[in-house]
Structure formats: structure tokens, C-alpha cells
Amino acid sequence: MIRKLHSHIGSLQATLWTLIVAPTTWAVHFLFSYLWAAVYCAKTGQFAEEPLVYWVGTGLALLVIAISGYIAVIQSRVPGDPAPHEHSTESDRLRFIAYSTMLLAGLSFIGVIFTAAPVLILEDCR
Amino acid sequence: MGSRNTLSHLAKPIVSGAGLALLSGCNRHQSALAPFGEDAAAIEHLTIVMVVGAVVIAIALALLMRWAVKSPEGSLTLISGERLIVILGAILPAVLLLGLLVYSLPQMRPHPVEAADLKIDVTGEQFWWRVRYAPPGGEPVISANAIRIPVGRTVLFRLTASDVVHSFWIPGLAGKMDMIPGRVNELPVKATKPGVYRGQCTEFCGLSHAWMAFEVVAMEPAAFDRWLAAERRPAKPIDGRGRALFASYGCGGCHAIGGTDQSGTVGPDLTHIAARRSIGAGALPVTQDALVRFIRASSEVKPGSRMPAFPQMSEGDARDIARYLGELR
Ligand SMILES: [Cu+2]
């Protein structure tokens, strides 16, 4: 089952579009954070005791980023042309884009956590 | 020759200016490095942690660079080199930054304010401070150009401005907060050490911006309560020439003196002017000479002052008014 998934993922196309999935999710989560806090504070006048919607949104963002990173890890290990993988061949290009995607996913994952930390710790509308 | 002269001319003010800047940095009266409030203490603590941390990281980085440059090629295998980059370049910074974030965020939590806490409304005006104490369950007390707060109690400053943007900063007490016309910004503080301190406007607001300061007196709670009760009562104005002149020159169109029929609200309330530690928002000491000078031509002391000059006023009239004001404790 897992192996089948792996080989399926390995055959997926890594493109510049898949590359920006993680940073885009980070950006959307950033916007979501501001909107959520602004709307919540404006509507209720005080900070949420249990910001459920926020945690669901944050969990969703982390999940999307994690999946993007997971796919990228598998793709970056697809055996292909001999090392060094720096030629303009199909498999080297895939590996390169996949590797970049993986790094971006790591950065975005941390970014989302850093964005969410104030909600966890500050709990204040001011 | 000429250029040398100008240089030595310049050197003196530059050197003494730098010395002054350094000295004022050590001033316990108005310094973020001499906190007398919880928030300023937290800021100072955070600053120290950040500076020490930055120095440690800088030194570690320099040592690492030195090692990288000096060590012969091949001292690290390709794999361990890559691992080093991942650990020092990605994991360590992420963990450090997360730690710093989690450590510093709680310090941004404002003091919880309760309905029973003292509120002080301060309005920034060119170039002075309108002050209104709103104690819980009591009538407000109007004052100006000086602020007293009780030690150990939460006080909520409600800050606004009447003309342009000003900024309210008592470096030893808390961070600064802008005063914006049409908006009330809240700044909860808690003083910890009694003493006399100083605050300053920190947003350029016109010609006398630098002359827009105020004394801050942090007092033991019991003493503060006694002071506030006294501040609420009007001073006992003495009858005489000064009092009549104050009325006939029209000072009361702008200034109020409690206990008299002078009740203007354009300028600072003068009910207890002689009990303040300065006149003109920190510009001059409270002496007869200073009062005379300020009354006749306040814009000579504070350029752009909103108080008109009285060039036709004789020295004798000014002295009488000053004597009258000097009794308002
Ligand atoms: Cu100002």
C-alpha cells in the first residue's frame, strides 16, 4: 500500500506550480490569521477563549504543507541519472524542483508555527 | 588655516555634545535603563537578553568562520559538512528563534485592568499635557503638566491628542504610546519604585516639541490618595492686585483656577500651579522670575507656544500676577 503510494507519487509531475504550494499556504494562513483576529475582536470585543476555528485553519495549513513536503521528499529521491544531479535532463529537473519544494515546505511549516504562536500565548485583542 | 579653525570650532560642541548624550544616558531621572515600572523592567530585561545573545552568537560565528578558513581541506567529509549546514544553518536558528518568540511574547501581554483601577486621561496639546484623574467611584480631578501615580497599583493611561499626533513616553515606566487625535490609546502601567521621574513627548509635534515634557511622581499609595484628595480641593487664592489683574488681562479665558470664577479650558489648569515642579511643561522652574518671563512672552521660552504674549504688560503687573500664581499650591 505505502509502496504503491510511493511509486505513484514518484511518477507525479513536480512543476513550478507544485513548488509554490507550501509558501502560498503560508501566505494564505498569514492573511487568515489577521482576518480571523480582526473579525473576532471586532465582533465579540474580546479574545476567543477557545479559538477553535483558528486551530482548525492552522492545522489545515500545516497538513497541506506537510503533504507537499512529503511528496517532495519522495520525488527528490527518485533514482535517475547518475550524480551529480545537475544536468538539464528530465529526472534531474524533477529532483531539483522537488528538493527546492522540500526546503520551502520546511520553511513554510516553521513560518506557520511562528505566525500562530502569538494566538496561543498573547490572547489579547489590544 | 581657515579650515583648521572651523574644525577646532566644531570639535568642541561635538565632543561636549557626545559627552552630554552619554551623560543623559546615565540619568536615572529619565532612562529606560533605570526602570521604576514593571513594563520598563521587562523591556530592559529583554534588551539585556537580546544583546548578550547577539554577542554570543556573533562570537560563535566568528570562531566558526575562523575554523572554516584555517582548517585544511578535507577535514570534514561531504556528508558531515552537509549535516553541519543543516544543523547550524536551519535547525539551530529555527529553534533559537522559536525560543526567543515564546520567551518574549508573554511580555507583550498588557496588565489586566479592572474597573476599580485608577484611570488617567492625558491629552497631548501643542505643547503641554492636559491631565484628568478618574479614580473609581469619584469625581474626576483636573490637572496639567505633571503626573502622579501610586506605586504597586495598576494605572490605566487613556491617551489622546487635540491637535496633532504626540507620543507619550515615560522611559522608566513603560514603552511609548502614540497620542492620536480622535482616538484613545490605552496604556496600562504599574510603578514599582517611588521617586521623581520624567516623561517626554516623542513624536515631533511642532516648534516646541522638545519643550514638551512632564514630571512623573510615583508615590506610596496612601500618600497618593492624600495628594489626590488635596488636588481635588481648590487652592486658597489670595485676594489682591494679582487676582484682579489675572481677570482683567483675560487669562481666565484660557485658564481655570478652582475656587474662583476663572474657568477657561483652552490652556493648562492653574489651580495648583505653584505645587507643580515646573511651568510650561518642564520648560522652567517654578520661580517668580520664571513666571514673569513666561507670562509676558511664553513664546520666547517655547517657540510657537499657543499662549499669546502680553507685550503691553508692565513688569509690575507681571510680578503681581506671578505672586498671585505663586500662592496657588
Ligand atoms: Cu508633542
## Note on the structure
the range A:14-121: Kirkwood hydrodynamic radius (Cα pairs, Å) comes out at 15.3 Å
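List the DSSP H helices in chain B whose Cα atoms stretch 20 Å or more along the helix axis and whose mean Kyte-Doolittle hydropathy is at least 1.0. Spell out each step's value before the answer.
Details: long enough: B:2-25 (35 Å, 0.45); B:38-70 (48 Å, 1.59).
Span-like helices here: B:38-70.
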### Exceeding the 30 Å Cα-Cα cut-off - candidates B:LYS190/B:LYS302; A:LYS43/B:LYS176; B:LYS193/B:LYS302
B:LYS190/B:LYS302; B:LYS193/B:LYS302
### Message
Let's test this: bin the Cα-Cα distances of the range B:241-326 at 5 Å from zero up to the farthest pair and state each bin's percent.
### Response
3, 15, 27, 31, 20, 3, 0
### Query
Which is the longest run of chain B containing none of the GluC sites (Glu not before Pro) found in DSSP loop states (not H, G, I, E, B) with at most 14 other C-beta atoms within 10 Å?
B:115-329
### Message
Explain nothing, just the number: relative contact order of the range B:181-329, from Cα pairs under 8 Å at least 6 residues apart, as a whole percent.
### Response
23 percent
### Message
Contact order normalised by length for the range B:241-326, with contacts defined as Cα pairs under 8 Å and 6 or more residues apart; what percent is it?
### Response
28 percent
### Query
Percent relative contact order of chain B, based on C-alpha pairs within less than 8 angstrom and at least six residues apart?
15 percent
### Summary
Quick calc: nm separation of the 7 Å Cα→Cβ label points for B:VAL184 and B:VAL51 -> 3.8 nm
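For chain A, what is the calculated [θ] at 222 nm in deg cm²/dmol (nearest 500), taking -39500 (n - 2.57) for each run of four or more DSSP H residues and dividing by its residue count?
My calculation for chain A gives -25500 deg cm²/dmol from helical runs alone.
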### Stokes-Einstein diffusion coefficient of chain B, Kirkwood radius over Cα pairs, 25 °C, 0.890 mPa s, in µm²/s
105 µm²/s
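With a Förster radius of 22 Å, plug the Cβ-Cβ distance of B:THR202 and B:ARG28 into 1/(1 + (r/R0)^6) and report the FRET value to the nearest 0.05. Kindly include the intermediate steps, with their values, before the conclusion.
Numbers: r = 19 Å, r/R0 = 0.86.
That gives a FRET efficiency of 0.70.
Going by a ≥ b ≥ c, the root eigenvalues of the Cα gyration tensor, does the range B:99-173 fall in the rounded group (a/c under 1.5), the prolate group (a/b larger than b/c) or the oblate group? Mind showing how you got there, number by number?
Details: a/c = 2.45, a/b = 1.38, b/c = 1.77.
Taking the square roots of the gyration eigenvalues as a ≥ b ≥ c, the range B:99-173 is oblate.
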### Summary
With label points set 7 Å from each Cα along the Cα-to-Cβ direction at B:ALA309 and B:ALA274, the distance between them in nm comes to 2.9 nm
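Looking at the range A:45-105, which trypsin sites (Lys or Arg not before Pro) are DSSP coil and have at most 16 other C-beta atoms within 10 Å of their C-beta?
A:ARG77
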### Message
Translational diffusion coefficient of the protein assembly as shown at 25 °C, 0.890 mPa s, Stokes-Einstein with Kirkwood Rh over Cα pairs, in µm²/s as a whole number.
### Response
89 µm²/s
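A short reminder: the numbers here are calculations on the coordinates, not readings from a lab. Everything numeric in this text was worked out from a predicted model, so none of it was measured. Reconstructed Cβ throughout: ideal geometry from the backbone, glycine too, with neighbour counts over all protein chains shown.
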